[in-house]
Structures are given as C-alpha cells and as structure tokens.
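Since the structure comes first, as structure tokens, the remarks are kept for the end.
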C-alpha cells in the first residue's frame, strides 16, 4: 500500500472539520497533527478525528512535524501570516481556506512565499469539484444556451464569505477569463466585521468579462434578505441556466421547460463530498497526474481581486480596470480616510458567536 501523505491542520473550527472530513475520507491522506490556540477546541478536534499530535502553536507544529500537506483553516485575517509561515517549512501543498486573504497585497505575498519555497498553493474553493458546476461549464462550452450574456449572483452573509464562492463560480464556468473591469457600490453605515475584518453592510458589483459578458454580485441587497445562492443564474443568447450549490437546471430551445441535471455525488448537496474530491485532486497534483489543479491559488487570487475591485470602485467613484493596482484593502482605506464613514458607531463581528470563552473576536 502506498504511503499516505501527512496532513497538518491549522485551527479547529467548523471549516477545519470540513477539511478533516475530506482528508479522512481520502485513502491517500492521514491527519497527523492539529494546532489551535484554544486548548478545549484543540482537544475536541483531536478526539473526533483521532489526531495524536496536538499543538497550541502552529509554528511549533510546522517545525516538529514532517508535513506533506497543510490546511490553513483560521479566520481570514490570519490566512496570509499562517500561509507564509507554513511555506518556510516546504510542505508539498498548502490548502488555505477562502477567501484567500483580506487584500490583494497579502495574496501576492502568499503566492511569492509559496513560489520561492517550491510549495504548491491551493485555495479552498472546493465547490469547483461539484458535478453540477462541472456540468454547467461543459454545457456552456458546448453552446447549450448560446453565447453567455449575463451572470447574476445574490447572496447573504458577506461578499468575502458566501460571495467568494459565487464570484469563483462565475470565473470557473466561463473558463477562468481575465476580467476587464469592475464597478461597485458599497453601503457601510455600521462598524461591521466578519471573522475579524471589516465588511460591508451590503454591496453590489458589476463585473466586465471579455466579449461584453457581464456578471453581477449582490450581497444583502433585497430588503427581504435575498436569495442565498452559491452559484449564479446565467442568461445566454439561446437559453438560461440556474446553478445553486450542487443543483443545476437549464432551458434550451431543444426541449420545453426546465431540464434538471442529477448530481453524481451520493450526497446530492455535494458539500461533504466536494472536500473529499478536493483531497484526492490535491494528491494527484502532488503526484503530477494533473497540472492545472482547479483550485490553485491563481484562481483564488482572481476572485479576491474582483471583490477588492468592488470596494475600490466604491472608494474611487469610478469603473476600475483590472489588474487592480491598489494592494491594500480598499474598504479599510475608505473607512479609515472617511470616504465611507461609520455613521452608527460600535464595532460588531457577525461571527462572534463562534468564538470560545469571553472574547468577542479571535483577532487582537
């Protein structure tokens, strides 16, 4: 039997458990170490996933364990620091949760650290492994709905949170094109944070893809709360398609009404199985069986750049052409310079309920 790849996990929250499921169900990987600064969370994860080596300091884990794969599952503001620190120890792959970072500058630094240490770098856009997402891309490439004209995504819970997957879907289904421009609008009246970093109260963005194809991303715009859609509705010159999580239906001139695609996963929501498929694909990437790994960092950076461009457009009051030249987080700059002032003071983090103990945030 082939030797299993040794996996270390940084942080032990909800998404770390999803990663853990994927690595555990993959017969080519073994979780050998877990690091978390909270002793109770650390012990709980180690017990549930039968992990023998436990560390309160992730840097100590990296130093002492000979890891092939590192999963960075911390809150978003810690992604850059932890990825760069892990890269120094030269694992074969680092898998960092989405969004890749909180600014374009951080993302570039992460990629540089991995490149100079010869580390393969992946971002946790595991939904790219959904059979429905892959079928949607195939149908679009085959011209099932004619030429794509417009893609529309509407989400709740933050553009950098759920919206990350929607922007990534638009890029994925279109074949990972280079976006030409972005125009955005941001409302932020409260001092709103999510996972320890500033976010909007609501926003919307127009995305200019090649060949005059336009994308739309909305967060919390409809008064009723809006559609929680992890995917997009696509309008073509000769039909339409609707993708929401691992469901797909489409209309074409060949048949009346909706045609429904049945996902190939046993669990049709696909959420759990997508992490397992991601794990197997990373193993194949290490072995050289695939070159263009679907979730590699350059695609995660492309999604982040679009979202940062929405903020930059709101800050600069203009259509922003890509590549984006502002490396800082434009929303931070806009708030700190008074372009988007906090009108209803009082910092609050939408996910503070996830923090153990007395603290309201993990970010100091």
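What to note about this one:
- Being part of a strand (DSSP E or B) and without any contact (Cβ under 8 Å) to a residue 24 or more places away in the chain is a condition met by at least one residue of region 179-194.
- Candidate set from region 321-342 (those that are assigned to a helix (DSSP H, G or I) and touching a residue at least 40 places away in the same chain (Cβ under 8 Å)); member that is nearest to residue 170 (Cα to Cα): 331
- Selection from region 278-306 of residues that are surrounded by 12 or more Cβ atoms within 10 Å (Cβ to Cβ) and either in a loop (DSSP other than H, G, I, E, B) or at pLDDT below 95 (or both): 290, 293, 294, 295
- Set 51, 70, 32: member being over 23 Å from residue 105 (Cα atoms) and part of a strand (DSSP E or B): 32
- One residue stands out in region 215-238 among those that are at pLDDT 90 or above and loosely packed, with under 15 Cβ neighbours inside 10 Å: the one that is farthest from residue 258 (Cα to Cα), namely 237.
- Residues (under 17 Å from residue 198 (Cβ atoms) and part of a loop (DSSP other than H, G, I, E, B)) located in region 73-107: 75, 99, 100, 101, 102, 103
- Checked against (1) surrounded by fewer than 23 Cβ atoms within 10 Å (Cβ to Cβ); (2) over 23 Å from residue 161 (Cβ atoms); (3) in contact with a strand residue (DSSP E or B) (Cβ under 9 Å, 6 or more places away or on another chain), residue 91 passes all but condition (1).
- Test: residue in region 33-49 that is within 19 Å of residue 283 (Cα to Cα) and outside the structural domain of residue 164 (by TED's automatic domain parsing): yes
- All conditions in (1) within 20 Å of the chain's Cα centre (by Cα); (2) free of Cβ contacts under 8 Å to residues at least 24 places away in the same chain; (3) surrounded by 19 or more Cβ atoms within 10 Å (Cβ to Cβ) hold for residue 55, with the sole exception of (1).
- If the condition is being crowded, with 22+ Cβ neighbours inside 10 Å and under 30 Å from residue 355 (Cβ atoms), then region 199-214 contributes 199, 200, 203, 205.
- Restricting 229, 259 to those that are part of a loop (DSSP other than H, G, I, E, B) and either without any contact (Cβ under 8 Å) to a residue 24 or more places away in the chain or in the same structural domain as residue 163 (by TED's automatic domain parsing) (or both) reduces the list to 229.
- Close pairs (7 angstrom Cβ cut-off, 6 or more residues apart or separate chains): on the phi > 0 side of the Ramachandran plot in region 195-224, in a strand (DSSP E or B) anywhere: 196/349; 220/202
- Failed item in (1) out of contact with any strand residue (DSSP E or B) (no Cβ under 7 Å at 6 or more places or on another chain); (2) closer than 30 Å to residue 86 by Cβ; (3) not in a helix (DSSP H, G or I), with residue 158 passing the rest: (1)
- Number of the condition not met by residue 318 [criteria: (1) touching a strand residue (DSSP E or B) at 6+ places or on another chain (Cβ under 9 Å); (2) modelled with pLDDT of 95 or more; (3) not in a loop (DSSP other than H, G, I, E, B)]: (3)
- Filtered by the rule that a residue be under 23 Å from residue 206 (Cβ atoms) and within 17 Å of the chain's Cα centre (by Cα), region 128-154 gives 133, 153, 154.
The values are calculated or read from the model by the stated rules, or taken from the named source; none is laboratory data. If you're wondering where the values come from, they're calculated on a predicted model, not measured in any experiment. When we count neighbours, we look across all protein chains shown, and the Cβ atoms used for this are built from the backbone with ideal geometry, even at glycine.
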